[in-house]
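Visitor: Have a look at this one before I ask anything.
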């Protein structure tokens, strides 16, 4: 090969680099190791994490069974090692699955159109806000404090340099739902969107129709956020939402210490050209056969550059495929039954405790650690190989005496009994 | 090819003035350059536009081309045909596929635009 | 005769919704060990949904066959080469899939107590250190989910630094050869974008740079090697020009595959850069994602890194949220952890010497391809190529055949197309990056195919224009898809 190129050695190929930039010593990294040693290294790290614990954490990442078929499908090289489907003729597999994904998200959320994924729920929410600003021509956004705290932090980071003021409105102390009076007070004609999460961070089904009335009454859009996708198996999708921004990690995406996950944005037909992210559309080939392709690409960065609806390029395609397989395996009946199991488990646990809020909840709820601190309760539970709920003090100082507990179809009755006991 | 009663811009828009209303479109040269047109993004009626400033855009599958207002004024009407049939911009850019109507705020601006003959010469030189 | 693909048996498979039948199920759930709860009572009847209309109802075997059949309609790295420029489509090692799925790592909850997450934290710390060493930078954040998000994060950090110094400034300079995410990211960070033209040798025009850098310029975003695959020989000078005016140098690290063990951005004046783990560091593309876009910075930018940061607390790792100057969070939790695991596995497997060999093999392969194709395709810039080479379709355009057509015909030879029509500074560009994964055998197969196509263009251009012929679908109507978007299935 060197002969063909016409050089004496591979080093000659770098000779043209300026002397000043050339590395004079090797990288300070150990020599490479074999496949077995790689597995050994990571197995050791895995052992340093929790193993064999029952976990009652939710708060934006959920423990759900992962049907075996999910990894079977996504491990196929044709899905795992393929590229973005820009060349439609040799990507019909990926394009078809994305089209089905978009469809299923619409069916679940009641929206008209869904994109092919965002990085996660938090950035989906930030991008939804930016979308509402574009669609309404207004600059300001109102977000509920009962929206996931890290999602609100991300929104702040994204909005800071775009002249998009973000203001928060509170929640009602007894019910744990949004404070409609506070929202109404803060609402004005400059507001592009009102953002509400349901079930909210406290697990509670929130007041979407009432929020919609206030938002729409002043010409703003309602953005509805979800972090627990399984809730869509049983909760009525919001008919009032203009944009839905959500996290699909519950759909067979392993918790994996926080990522990669899959966000998604779904909306009404009229806002489709304001959507960020890839979209797959149906068309025909030259023989008249149905085919799929990426479409409405003029919204995106590779064409519109600084005027694009977003800077997103690489998305979370493989995770969206995991979610698709999950939705296929559970199907119409299964997703409902799964949601019912979650409801049953969480209400069994809450029945032995006193939830702090009286609002109706799905599979998460807040409990006060009367007499002790949440940390103390969790410490005791750890000794029984149980990871307890999330102490809320780090996000809500007024709830420092409480923790957020989550029970899913994976939670076992004996473990829930131990948790309940720890609060006595 | 290029109607005598239109005036043209170097950005390949045309305007036909009747009284104080200017009807605006893109030229045949523009639609050829763009290829198959898939969408026209037009300003809402009531919007004010300034001569030379962007007033919407026209899209093909792989490219976006800004529309520059040939004259200043207020948009009174946008062509309803284009929402469902953007391909008309390829088929009949000087007729059925007009983009919008503008109530002129400075009719003297027309003087700065090219005549059909001047525009024809301009695009020939561009080649 | 240069081998071409055979159409393979590709079963027609309808959409899930078209093969659904009421009552079919594929799922299993254990029985409840607690009492069932009435949904209407628990949630309020007004909150309970009706059935999910149209949702799939198929059996397990139907589900598996559905996805398996669809998968056979895809090309993939496992099948053959993707010569896509700047995408670095290298082999995705399977051991990485195994380690990412270890229970202790894949079931770790992001909020589990730090004492029970030391393994994950060690992995992230180790990866940060390795990336810092590879790039010659001082600190790394693993939070950004992709390259574009890395760009945004870095620009936000640079803005914060400049603001702290008294003036965040107004614009960012971006070469006309840059990837579209660069200006898009700059815009989200609140900066205006000013294009800077390349010189006639295709590299950064430092004369032009000197003229336009002033106190309104926050930074220059440069890709090195650039999108022509050429090393920016004036980068040190560019860095000096920028720093003299208090501006910063950002590097898009998409082309890092050309530099590992050879040169380090930290040594040539870069203040911040992002890396694409799904390019240089072998994590799989998965049909469009996930990726990860870590950002590496010089000390001066360290205070502004997204929070939390990992810090050593005695013998353990802990999170530091007390970062006064941090730009905040760019996403929930810590990063695309599963992707980070795969990247670290790749780095450990290769080691220092191995990574250098990755780079030298990648550059060797690209130059071999260039030499083989030079007699047949126009080379607009004669500068030395690193890991990728850009041709133009100038010769073939004389027969009315363009880069897009050649790309489609390449499919008939069993390859994925190269990058078409990018970078924008080359008219009719063919951007080819073979990566170090490909053997000489495969490169010969590829170049033979390209040479065969060049000959076909001379003798039968129309045939090339109507390619591909061996695929499941022929060319699709993208115009109709955009004019009348149909973005979901609906029942008849």
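The values are calculated or read from the model by the stated rules, or taken from the named source; none is laboratory data. Quick caveat, the model's predicted, so the values are computed rather than measured. Cβ coordinates were reconstructed from backbone atoms using ideal geometry, including for glycine residues, and neighbour counts include every protein chain displayed.
Visitor: In the stretch C:98-122, what count of residues is obtained for those that are more than 7 Å from chain A (Cβ to nearest Cβ) and within 28 Å of the chain's Cα centre (by Cα)?
Guide: Residues in the stretch C:98-122 being more than 7 Å from chain A (Cβ to nearest Cβ) and within 28 Å of the chain's Cα centre (by Cα): 3 in total.
Visitor: Out of the stretch C:257-272, which residues are out of contact with any strand residue (DSSP E or B) (no Cβ under 8 Å at 6 or more places or on another chain) and closer than 19 Å to residue A:24 by Cβ?
Guide: C:258, C:259, C:260, C:261, C:264, C:267, C:268 - these are the residues of the stretch C:257-272 that are out of contact with any strand residue (DSSP E or B) (no Cβ under 8 Å at 6 or more places or on another chain) and closer than 19 Å to residue A:24 by Cβ.
Visitor: Looking at the stretch A:117-203, what helices (runs of 4 or more DSSP H) fall wholly within it and have at least 2 residues that are under 29 Å from residue C:170 (Cα atoms) and more than 18 Å from the chain's Cα centre (by Cα)?
Guide: A:121-136
Visitor: What about residue A:23, is it touching a helix residue (DSSP H, G or I) at 6+ places or on another chain (Cβ under 8 Å), over 30 Å from residue A:419 (Cα atoms), outside the structural domain of residue A:230 (by TED's automatic domain parsing) and surrounded by fewer than 19 Cβ atoms within 10 Å (Cβ to Cβ)?
Guide: yes
Visitor: Follow-up. Could you tell me which residue of the stretch A:306-341 is surrounded by the fewest Cβ atoms within 10 Å (Cβ to Cβ), considering only residues that are in a helix (DSSP H, G or I) and touching a strand residue (DSSP E or B) at 6+ places or on another chain (Cβ under 9 Å)?
Guide: Taking the candidates together, the pick is A:307.
Visitor: If you don't mind, there's one more thing I want to ask. Check whether at least one residue in the stretch A:399-406 is in a loop (DSSP other than H, G, I, E, B) and closer than 19 Å to residue A:148 by Cα, and report yes or no.
Guide: Yes; the residues of the stretch A:399-406 include at least one that is in a loop (DSSP other than H, G, I, E, B) and closer than 19 Å to residue A:148 by Cα.
Visitor: Restricting attention to the stretch A:279-302, which residues are part of a helix (DSSP H, G or I), within 7 Å of chain C (Cβ to nearest Cβ) and either within 25 Å of residue A:136 (Cβ to Cβ) or modelled with pLDDT of 90 or more (or both)?
Guide: Matches in the stretch A:279-302: A:301 only.
Visitor: Further, regarding this structure: Go over the candidates A:20, A:50 one by one and state the one that is in contact (Cβ under 8 Å) with a residue 40 or more places away in the chain and at the interface with another protein chain (Cβ under 7 Å from one of its Cβ atoms).
Guide: Going through A:20, A:50 in turn, the sole match is A:50.
Visitor: Condition (residue is at pLDDT 95 or above, within 12 Å of chain A (Cβ to nearest Cβ) and not in a helix (DSSP H, G or I)) applied to the stretch C:387-408: is it met by at least one residue?
Guide: Taking every residue of the stretch C:387-408 in turn, at least one turns out to be at pLDDT 95 or above, within 12 Å of chain A (Cβ to nearest Cβ) and not in a helix (DSSP H, G or I).
Visitor: Okay, moving on. Filter the stretch A:79-98 down to the residues that are more than 7 Å from chain C (Cβ to nearest Cβ) and over 19 Å from residue A:253 (Cα atoms), then identify the one that is surrounded by the fewest Cβ atoms within 10 Å (Cβ to Cβ).
Guide: Here the answer is A:86.
Visitor: Let me ask something else. Is the stretch C:128-142 home to any residue that is more than 30 Å from residue A:25 (Cβ to Cβ) and touching a helix residue (DSSP H, G or I) at 6+ places or on another chain (Cβ under 6 Å)?
Guide: Looking through the stretch C:128-142, none of the residues is more than 30 Å from residue A:25 (Cβ to Cβ) and touching a helix residue (DSSP H, G or I) at 6+ places or on another chain (Cβ under 6 Å).
Visitor: Report the residue count in the stretch C:318-332 for those that are within 21 Å of residue C:130 (Cβ to Cβ) and in contact with a helix residue (DSSP H, G or I) (Cβ under 6 Å, 6 or more places away or on another chain).
Guide: Result for the stretch C:318-332: 1.
Visitor: Give me the strands (runs of 3 or more DSSP E) completely within the stretch B:12-127, filtered to those with at least 3 residues that are more than 30 Å from residue C:486 (Cβ to Cβ), ordered by residue number.
Guide: B:13-18, B:21-26, B:73-78, B:100-104
Visitor: Here's a follow-up. What single numbered condition from (1) within 18 Å of residue C:110 (Cα to Cα); (2) touching a strand residue (DSSP E or B) at 6+ places or on another chain (Cβ under 7 Å); (3) surrounded by fewer than 19 Cβ atoms within 10 Å (Cβ to Cβ) fails to hold for residue C:306?
Guide: For residue C:306, the exception is condition (3).
Visitor: Next up: With respect to the numbered conditions (1) assigned to a helix (DSSP H, G or I); (2) in contact (Cβ under 8 Å) with a residue 40 or more places away in the chain; (3) within 10 Å of another protein chain (Cβ to nearest Cβ), which one is the sole condition not fulfilled by residue C:351?
Guide: Only one criterion in (1) assigned to a helix (DSSP H, G or I); (2) in contact (Cβ under 8 Å) with a residue 40 or more places away in the chain; (3) within 10 Å of another protein chain (Cβ to nearest Cβ) is unmet by residue C:351, namely (2).
Visitor: State all residues of the stretch C:410-425 that are touching a residue at least 24 places away in the same chain (Cβ under 8 Å), at the interface with another protein chain (Cβ under 9 Å from one of its Cβ atoms) and part of a loop (DSSP other than H, G, I, E, B); if no residue qualifies, say none.
Guide: Hits for the stretch C:410-425 are C:416, C:417, C:422.
Visitor: Of C:136, C:190, C:147, C:180, which residue is under 22 Å from residue A:120 (Cα atoms), surrounded by fewer than 24 Cβ atoms within 10 Å (Cβ to Cβ) and within 9 Å of chain A (Cβ to nearest Cβ)?
Guide: C:180
Visitor: Among helices (runs of 4 or more DSSP H) lying entirely in the stretch A:1-100, which contain 1 or more residues that are modelled with pLDDT of 95 or more?
Guide: Passing ranges, in order: A:35-48, A:68-74, A:77-80.
Visitor: Can you name every residue in the stretch C:198-231 that is without any contact (Cβ under 8 Å) to a residue 40 or more places away in the chain and either farther than 17 Å from residue C:269 by Cα or in contact with a strand residue (DSSP E or B) (Cβ under 7 Å, 6 or more places away or on another chain) (or both)?
Guide: Passing the criteria: C:199, C:200, C:204, C:205, C:207, C:208, C:209, C:211, C:212, C:214.
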